[in-house]
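K.L.:
Take a look at the following structure, please.
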Amino acid sequence: MAMVRDVQQALAAPGNPLTHPALLQLAFNVLLFVPLGFFLRVLGGRSVVTALVVGFGLSLLIELTQLTGVWGVYACAYRFFDVGDLLSNTTGAVLGSFLALLVPRSHRGFAPAADAGEPRPVTRARRALAMLCDGIGFWLAAFAASIATQLFIGYVLDDRPLMVAGEVASLVGTAAAAVLWLAHILLSGQSIGDFAVELRYTGSRLPEFIARMLRWAGGVAGLSALGLLPQPFEFLSGALLLIACAMFFVTRNGRGLPGVLSGQQLSDARERRPETGAA
């Protein structure tokens, strides 16, 4: 096995085996994934089996990313698939899970506060956190869809030049993320960022469907989708983005452009709505 071979090389080499590059690489690959297994058990309450599966899966993703040249972004891979790294990373995650057993069971996981279901004040900082969640989530969704599109173009359609160029994959990724955000807002009334911090837009003279469409259009997803269009819409997307940033500071609770377009106000999603009596 690769791990055993690295240790044997380090022991057989002249000088201090603890400073041998092969042994140091092995040690660092193991230590890199120890926190993953540790926190999976301490914070998530997950077993060593989960640590093994997650550690193996994450390490496999890293190795495949290296093997494929960042999933086709580069013309060729700049590193090789290393089974030794895969095994040592997984070993680190498993060791971290076992080390977490030293933490008393009473200190593992998160106990919800007694008032966790009570509404909180809607502040500008909370709205900013929702916007941050939307921005990061949108980028991750667009990136994942873009990578999937690149793989389809390169390995199913067998068009490597188009895959390496990346323009089509970028367009598809942004469009897919925009559609995901639109579907979530239309179905739940919240963007993914709003959902993450328990915010809700309520109260408008417009029909609810129209209000939700306008909120999507004024948020990160709608503005990003507008940027996919040719000029002058692409310029308009940038201008509206600046306006949206400015309106965060001048509107109540930072409801921003989505709230202004829809005519709605921000509230805590845990508040009971008088029109239905539901939370």
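K.L.:
GLU271 fails exactly one of the following numbered conditions: (1) surrounded by fewer than 16 Cβ atoms within 10 Å (Cβ to Cβ); (2) acidic (Asp, Glu); (3) in a helix (DSSP H, G or I). What is the number of that condition?
P.N.:
Going through the list (1) surrounded by fewer than 16 Cβ atoms within 10 Å (Cβ to Cβ); (2) acidic (Asp, Glu); (3) in a helix (DSSP H, G or I), GLU271 breaks only (3).
K.L.:
Continuing with the same structure: Which of the numbered conditions does PHE152 fail, given that it passes all the others? Conditions: (1) surrounded by 16 or more Cβ atoms within 10 Å (Cβ to Cβ); (2) within 24 Å of the chain's Cα centre (by Cα).
P.N.:
Against the list (1) surrounded by 16 or more Cβ atoms within 10 Å (Cβ to Cβ); (2) within 24 Å of the chain's Cα centre (by Cα), PHE152 comes up short only on (1).
K.L.:
Every residue in segment 183-224 that is assigned to a loop (DSSP other than H, G, I, E, B) and touching a residue at least 40 places away in the same chain (Cβ under 8 Å), please.
P.N.:
Residues satisfying the conditions are GLN190, SER191, VAL197, GLU198, GLY203, SER204, ARG205, LEU206, GLY219.
K.L.:
ALA169 versus (1) touching a residue at least 12 places away in the same chain (Cβ under 8 Å); (2) under 26 Å from PHE248 (Cβ atoms): which is the lone unmet condition?
P.N.:
Among (1) touching a residue at least 12 places away in the same chain (Cβ under 8 Å); (2) under 26 Å from PHE248 (Cβ atoms), ALA169 violates only (2).
K.L.:
In segment 159-199, how many are charged (D, E, K, R) and either touching a strand residue (DSSP E or B) at 6+ places or on another chain (Cβ under 9 Å) or at pLDDT 80 or above (or both)?
P.N.:
Within segment 159-199, residues that are charged (D, E, K, R) and either touching a strand residue (DSSP E or B) at 6+ places or on another chain (Cβ under 9 Å) or at pLDDT 80 or above (or both) number 3.
K.L.:
Of all helices (runs of 4 or more DSSP H) completely enclosed by segment 1-88, which ones contain at least 3 residues that are modelled with pLDDT of 85 or more and surrounded by fewer than 18 Cβ atoms within 10 Å (Cβ to Cβ)?
P.N.:
Because the criterion is at least 3 residues that are modelled with pLDDT of 85 or more and surrounded by fewer than 18 Cβ atoms within 10 Å (Cβ to Cβ), the helices (runs of 4 or more DSSP H) in segment 1-88 that meet it are 21-42, 48-67.
K.L.:
So, one more: Checking ALA246 against (1) surrounded by fewer than 13 Cβ atoms within 10 Å (Cβ to Cβ); (2) closer than 21 Å to ALA175 by Cβ; (3) at pLDDT 90 or above, only one condition comes out false. Which one?
P.N.:
Here ALA246 meets the rest and fails (2).
The values are calculated or read from the model by the stated rules, or taken from the named source; none is laboratory data. It should be emphasised that the depicted structure is a prediction, and the values quoted were computed from it without experimental measurement. Using ideal geometry, Cβ is built from the backbone for each residue, glycine included, and neighbour counts are taken over all protein chains shown.
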